[in-house]
Structures are given as C-alpha cells and as structure tokens.
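Please read the structure below before turning to the comments.
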Amino acid sequence: MNERGGMGKVSEVRSEAAGTKASRSVVILGATGSIGQSTAAIIAGAGGAFTVEAVAGGRDPIALAKVARELGASFAALADPAGYKDLKEALSGTSIEVAAGPQSVVEAALHPSDMVVGAIAGTAGVEPTFAALSAGRTVALANKECLVCAGPAFMHQAAVQGTRLLPVDSEHNAIFQAMNDAGLDSIERITLTASGGPFRTWTSEAIAKATPEQALNHPNWSMGPKITVDSAGLMNKGLEVIEAHYLFGIEAARLDVLVHPQSVVHGLVHFTDGSVTAGMAAPDMKVPIAHCLSYPERLTTAARRLDLAAVGTLTFERPDFDRFPALRVALDALRTGQGLPTILNAANEIAVEAFLGKRISFHDIARLVEQACDRALADGIARDPASVTEALEMDRLIRERTRAALAENSLAQGSLATMH
Ligand code: NDP
Ligand code: MG
C-alpha cells in the first residue's frame, strides 16, 4: 500500500476449512469503543481464526472486563488508574491479568501479537499505537489522530520496521483496495467521499446553532461521540485528507473531497490514463475492519452487504466550504504545514469537548481551531514536529493555549462570537 510503509510481515489467518494454520493473535486498543466492539464481533464470529492477547480501554472497567472475558484475552489494561479495583473485581476468578494507568495501555500494545488494532479515540492513542509500530507489529489503524498529530514519525517508523499500517478508516481502506498496490506515478488524484453528515442540507445559521444532540445524530454511521461531531462539521473529512496524505505519501494538491450522501463509494483512485477505480461497500465499519484483520486474505463475515439496486441512485456534490469552514481550515493546515496538522488536531479535541459540554456553539469549533493555528503561526511556535515526543509536546502546549483561549473569550455570554 503506502510506498513508505513497505510490505512487512503479516501472519496467516486460519481458514476454518484448512484448520491447520496458526490463528492470528491480536491486541485491541480501545476494545470497548465503537470500532473495538465491531472488531470483537468479527473476531467472535471468525471461528477461531484469531486469538486475542490483550485488550485496552479508557475509563470503563466493567465494559473492559466484559470484552476481555468474551474474547478470552490474557491481559486487560485500563487507562484510568481509578478503575483498577473495579476491573480487578470484575475479572476475579479468571486468569486474565489486570493493570491500570496510561503505561498499562502501552504494555497492552506491546503484548506479543501479530496485529494491533489501534481504535483508541483521539490523541490518547498516539503513544500506545506508536509503541506497537516501533515494536514491529502490524497495525490496523482506526485512530486517524495518530497520523494527523504525528504522521511523518509514524510513516518513518513503519518504513524502518518494515511493518504494515493497514487503514481501518473506511475511506482509506477503500482507497487502499482501489489502489491495488499501484505506484503513485500512475495515480493522478485520490478522492475521499463524505456523507455530508446531519447538517448537509442545513443553512449556515441553523448549523451555527446546532446542539450536541443534533450533531450526534449521524444519518449513516454509528460511531463514538468525538468522530461523530467531527463528521457533522466535515472536520472529520479534513482530518482524513491529512491522514491520506501521510498514509499514501501523496501531496495535498492531488487529494480532494466529494460529498456523497449514500455512503456507498468511500474512495476513488483516478489513474493517469483516465481510469477510475472506486472502493465501495455498505456503510458498515465491519467491512474495512475485517479486511484489515485478515489481510491479505479475506474473511467471510456477516457485515452488511451492498445492494445497489436497493440504493438506486448515487449522488455526488462538491463540499460547501462556507457552510463547513472546518474542512477549509483543515485543508489549509495541511497545505501550510509547519506542524499545523498537529496544532489543528489538538485544538479540535479541546473544541469538540467544549461543544459537547455546551460551552461553545457548533461554529465556534472551527473558529477556535483556526484561531489556534493562526496564533501559533503568529507567535512563531508552529513547526513540524521531528518525532512523536515533539508532536505530543506541541499537542500539550496547544491544548493549554486553546483552553486559555476558551476561558478568556466571552464565556459569560456562552459564545465565542467575538473571537475573530
Ligand atoms: P469510541 O469513543 O466509541 O471509543 C473509544 C475507545 O477508546 C473506547 O474503548 C475508550 O474506552 C478508549 N479509550 C479512550 N481513551 C483511552 C486511553 N487513554 N487509553 C486506552 N483506551 C482509551 O470511538 P470510536 O470507536 O468511534 O473511534 C475510535 C477511533 O477510530 C477514533 O480515532 C476514530 O476517529 C476512528 N474511527 C472510527 C470510526 C467509527 O465508525 N467509529 C470510523 C473511522 C475511524 P472507554 O470507553 O473506557 O473510555
Ligand atoms: Mg472515515
């Protein structure tokens, strides 16, 4: 796939018929989330093709204990140290080893395995996922924030280790399959599609006043809260263009976005001879997850099937940057470089959190993120991070600055309308 990622080692997946091959061992980071649960469901239905070595979660010890038991993991790690006692209790009487605290999540990532599924939400996923990659594990990557925050370091490490970074994100997975290992010199352009989210047909004024409940009501996909809010403003598509840039090693000018409300075509690869290949599937994350889990073989799954006659019509439209400024801000950050993707990613997480906490309006998310980028450039602190450590330092600094900006700006009025 990505030229920098190289071929790497991917162990065989046992087919039920063959029965003799060793099963592929897997670690799931973010096992209690939306992607984690879909991964668990595929593994549970795969008839012993996979063994789960370790699972990790954030704050919910009960949910983590449940998935650890169901999948027969030997190690369960919870990021929140306060949940240790509950996790221990919930897994008493089993042989599952238990640990808590951020370092335990890294420990889970490093548990011996053939593949690590990176499905932690947000920048919290950077350190453990990078640890897995650095230890030579094949990584099935859902956590796009890893690449937006520290893309060059991740791709460099994948190349150094000769390991695969397999894209779980549906658009990237579709593009990966549509590329079919073609070299970048035969590719003119790559298109990522966006459903357009719940506000696709809304006016700017209506979007500005959207509530968290409305933003969380995605028409096609059922996902965790952060990515669902990102999707509503098309920030998610901006993050995904940045993700595609690093993953496929393709420059920003050759990446574009089409709004496609049916979410059937997830990505398009336009070749230099005019041919176009499309990656298509029903909008079900189990499809790309299964593809990554069994790559380069194919699993038979119960994932939703695509029925084109039932869909009937596929439509495409250009994104509206006026109504969805977050997409413009993200594409600008990619074009400008100087570490702006890292800065954008950090500011966006704080802004989404503030929106979900009803402290800012929906449009304030893009404003706050753009302001963080502009201020970092003006203050001369914007620069490309040379390593994951530098990226995470920048991330922490920008989080502090964004929280301060939130505090200093018209919180009394419950709006950041005066900020720009
Ligand atoms: P969810 O919010 O549903 O799940 C997040 C998971 O991460 C939970 O298991 C959570 O545990 C865990 N977690 C949070 N913080 C930590 C931490 N510090 N250490 C370990 N685990 C932690 O998110 P999604 O599954 O929707 O998304 C996961 C990633 O995949 C995101 O980066 C998203 O952008 C990407 N993605 C998701 C898609 C989807 O359809 N959902 C599609 C494409 C990409 P707990 O619940 O205990 O807090
Ligand atoms: Mg996606």
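The values are calculated or read from the model by the stated rules, or taken from the named source; none is laboratory data. In this text the structure is predicted, and so the values were computed from the model without any measurement. Positions of Cβ are generated from backbone atoms using ideal geometry, with glycine treated the same way; all protein chains shown enter the neighbour counts. Ligands, DNA and RNA are excluded from the accessible area calculation, which covers all protein heavy atoms including side chains. Shrake-Rupley method; radii C 1.70, N 1.55, O 1.52, S 1.80 Å.
Checked against the criterion of being among the hydroxyl-bearing types (Ser, Thr, Tyr) and in a strand (DSSP E or B), region 46-66 contains one or more residues that satisfy it.
Going through Ile250, Ile190 one at a time, which residue ends up being buried (at least 23 other Cβ atoms within 10 Å of the Cβ), in the same structural domain as Val269 (by TED's automatic domain parsing) and either among the β-branched types (Val, Ile, Thr) or modelled with pLDDT under 95 (or both)? Every option except Ile190 fails the conditions.
Scanning region 135-155 for residues that are open to solvent by 10 Å² or more (accessible area, probe 1.4 Å) and among the small types (Gly, Ala, Ser) turns up Ala135, Gly136, Ala142, Ala153. Being open to solvent by less than 20 Å² (accessible area, probe 1.4 Å), away from ligand 1 (no atom under 16 Å from the Cβ), in contact with a strand residue (DSSP E or B) (Cβ under 9 Å, 6 or more places away or on another chain) and assigned to a helix (DSSP H, G or I) narrows it down to one of Ala132, Ala158, Ala174, so name that one. Just one listed residue meets the conditions, Ala158. Can Ser38 be described as under 17 Å from His111 (Cα atoms) and open to solvent by 10 Å² or more (accessible area, probe 1.4 Å)? So Ser38 does not fit the description; no.
Figure legend. Inter-residue proximity from region 253-280: first residues at positive phi, second residues surrounded by 20 or more Cβ atoms within 10 Å (Cβ to Cβ), beta-carbon distance below 9 Å, spacing 6+ or different chains. Indicated pairs: Ser263/Ser170; Ser263/Thr193; Ser263/Ala194; Ser263/Ser195.
Criterion applied to Ala417, Ala391 was being under 22 Å from the mean Cα position of the chain (by Cα) and either modelled with pLDDT of 95 or more or surrounded by fewer than 20 Cβ atoms within 10 Å (Cβ to Cβ) (or both), and the one residue passing it is Ala391. In the set (1) touching a helix residue (DSSP H, G or I) at 6+ places or on another chain (Cβ under 6 Å); (2) open to solvent by 10 Å² or more (accessible area, probe 1.4 Å); (3) closer than 22 Å to Lys226 by Cα; (4) within 11 Å of ligand 1 (Cβ to nearest atom), the condition left unmet by Val117 is number (2). Scanning region 215-244 for residues that are farther than 17 Å from Val369 by Cα and among the hydrophobic types (A, V, I, L, M, F, W, C), we see that the one that is most open to solvent (accessible area, probe 1.4 Å) is Leu216.
The set of residues in region 326-377 being in contact with a Pro (Cβ under 7 Å, 6 or more places away or on another chain) and either under 18 Å from Arg401 (Cα atoms) or not assigned by TED's automatic domain parsing to the domain that holds Val241 (or both) consists of Ala333, Gly339, Thr342, Phe355, Ala366.
Of everything listed in (1) of a type outside the set (A, V, I, L, M); (2) open to solvent by less than 50 Å² (accessible area, probe 1.4 Å); (3) under 17 Å from Lys144 (Cβ atoms), the single unmet condition for Pro261 is (3).
Name the residue that is nearest to Asp114 (Cα to Cα), counting only residues in region 161-171 that are among the charged types (D, E, K, R) and either within 16 Å of ligand 1 (Cβ to nearest atom) or surrounded by fewer than 24 Cβ atoms within 10 Å (Cβ to Cβ) (or both). Looking at residues that are among the charged types (D, E, K, R) and either within 16 Å of ligand 1 (Cβ to nearest atom) or surrounded by fewer than 24 Cβ atoms within 10 Å (Cβ to Cβ) (or both), I get Asp169.
Tell me which residues, restricted to region 135-147, are in a helix (DSSP H, G or I) and closer than 19 Å to Gly58 by Cβ. Lys144, Glu145, Cys146, listed by residue number.
Just checking, which of Leu327, Leu306 is open to solvent by 50 Å² or more (accessible area, probe 1.4 Å) and either in contact (Cβ under 8 Å) with a residue 12 or more places away in the chain or within 16 Å of ligand 2 (Cβ to nearest atom) (or both)? Exactly one residue qualifies, and that residue is Leu306. Can you confirm whether region 297-314 contains a residue that is within 30 Å of Glu353 (Cβ to Cβ) and within 16 Å of ligand 1 (Cβ to nearest atom)? No, there is no match, as no residue in region 297-314 is within 30 Å of Glu353 (Cβ to Cβ) and within 16 Å of ligand 1 (Cβ to nearest atom). Of all residues in region 80-87, at least one satisfies being open to solvent by 10 Å² or more (accessible area, probe 1.4 Å), part of a helix (DSSP H, G or I), away from ligand 2 (no atom under 16 Å from the Cβ) and among the aromatic types (Phe, Trp, Tyr).
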